[in-house]
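Asker: Pasting in a structure now, in structure tokens, and then I'll have a few things to ask.
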């Protein structure tokens, strides 16, 4: 094998090894960590449904950013205070007691963060709405809190749309 080809091959192998070593790897969650994050998210949905916005607000970091992707695919970003006020107003404006529940939840951990993808269902009387919450969580004072939330509605699942 010519010397240039050998050097090229060694360089390519070295670059591949460096690239592989630099790839971020998901940190396996310990059962207590996943249980704690799942508990926080269960509390998030329960407190919203119970209109306990004080407890709901405690699920977030004080500096959290909440983002909604609207039906026209625009992005609306709010700090925590105005977001909590909007949720309180939504509950007050509804003729029915609204509830929201997680239909499925996937949690993963990497470095110092946890990420959760939650498929949810909101019930407002006869009206049903479905969507996704994308949570980024971090530990603060030893407890997991929501640092960022991106949420949006999606069309209902086929079986719900047929009812």
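Asker: Considering only segment 140-160, state which residues are touching a helix residue (DSSP H, G or I) at 6+ places or on another chain (Cβ under 9 Å) and closer than 19 Å to residue 59 by Cβ.
Answerer: If the condition is that a residue be touching a helix residue (DSSP H, G or I) at 6+ places or on another chain (Cβ under 9 Å) and closer than 19 Å to residue 59 by Cβ, then 143, 144, 145, 146, 149 are the ones that fit.
Asker: Now a separate question. Does any residue of segment 71-92 turn out to be part of a strand (DSSP E or B) and under 26 Å from residue 35 (Cβ atoms)? Don't jump to the end; show me each part of the working.
Answerer: Just the residues of segment 71-92 that are part of a strand (DSSP E or B), to begin with: 75-79.
Next cut, under 26 Å from residue 35 (Cβ atoms) only: none.
Within segment 71-92 (the criterion being part of a strand (DSSP E or B) and under 26 Å from residue 35 (Cβ atoms)), the answer is no, since none of the residues qualifies.
Asker: Here's a follow-up. So, of the residues in segment 120-156 that are in contact with a strand residue (DSSP E or B) (Cβ under 7 Å, 6 or more places away or on another chain) and farther than 23 Å from residue 74 by Cβ, which turns out to be surrounded by the most Cβ atoms within 10 Å (Cβ to Cβ)?
Answerer: We begin by selecting, within segment 120-156, every residue in contact with a strand residue (DSSP E or B) (Cβ under 7 Å, 6 or more places away or on another chain); these are 120-123, 128-138, 140, 144-154, 156.
Going one step further and asking which of them are farther than 23 Å from residue 74 by Cβ, we end up with 121, 123, 128, 137-138, 140, 144-145.
Values: 121: 16, 123: 15, 128: 14, 137: 26, 138: 16, 140: 12, 144: 22, 145: 16.
Among them, the one singled out is 137.
Asker: Pairs under 6 Å by beta carbon, first residue touching a residue at least 60 places away in the same chain (Cβ under 8 Å) in segment 90-110, partner in a helix (DSSP H, G or I), six or more apart or different chains?
Answerer: 102/45; 107/34; 107/37
Asker: Based on this model, can you work out whether residue 114 counts as surrounded by 11 or more Cβ atoms within 10 Å (Cβ to Cβ), touching a strand residue (DSSP E or B) at 6+ places or on another chain (Cβ under 9 Å) and within 20 Å of residue 72 (Cα to Cα)? So that I can check it myself, show each step before the final result.
Answerer: On the way: surrounded by 11 or more Cβ atoms within 10 Å (Cβ to Cβ): yes; touching a strand residue (DSSP E or B) at 6+ places or on another chain (Cβ under 9 Å): yes; within 20 Å of residue 72 (Cα to Cα): no.
For residue 114, the condition - surrounded by 11 or more Cβ atoms within 10 Å (Cβ to Cβ), touching a strand residue (DSSP E or B) at 6+ places or on another chain (Cβ under 9 Å) and within 20 Å of residue 72 (Cα to Cα) - is not met.
Asker: Tell me which residues, restricted to segment 93-112, are within 19 Å of the chain's Cα centre (by Cα) and not in a loop (DSSP other than H, G, I, E, B). Explain how you work it out, then say what you get.
Answerer: Taking segment 93-112 first, the residues within 19 Å of the chain's Cα centre (by Cα) are 99-112.
Those that are within 19 Å of the chain's Cα centre (by Cα) and not in a loop (DSSP other than H, G, I, E, B): 99, 100, 101, 102, 103, 104, 105, 106, 107, 108, 109, 110.
Asker: OK, next. Tally the residues that are part of a strand (DSSP E or B) and either more than 16 Å from the chain's Cα centre (by Cα) or surrounded by fewer than 17 Cβ atoms within 10 Å (Cβ to Cβ) (or both), restricting the search to segment 39-60.
Answerer: Here is the first cut: in segment 39-60, the residues part of a strand (DSSP E or B) are 60.
Filter again for either more than 16 Å from the chain's Cα centre (by Cα) or surrounded by fewer than 17 Cβ atoms within 10 Å (Cβ to Cβ) (or both), leaving none.
Selection size over segment 39-60: 0.
Read-outs: derived from the displayed coordinates by stated rules, not from any lab. Since we're looking at a predicted model, the values are computed, not measured. Glycine also receives a Cβ, built like all others from the backbone with ideal geometry; neighbour counts cover every protein chain displayed.
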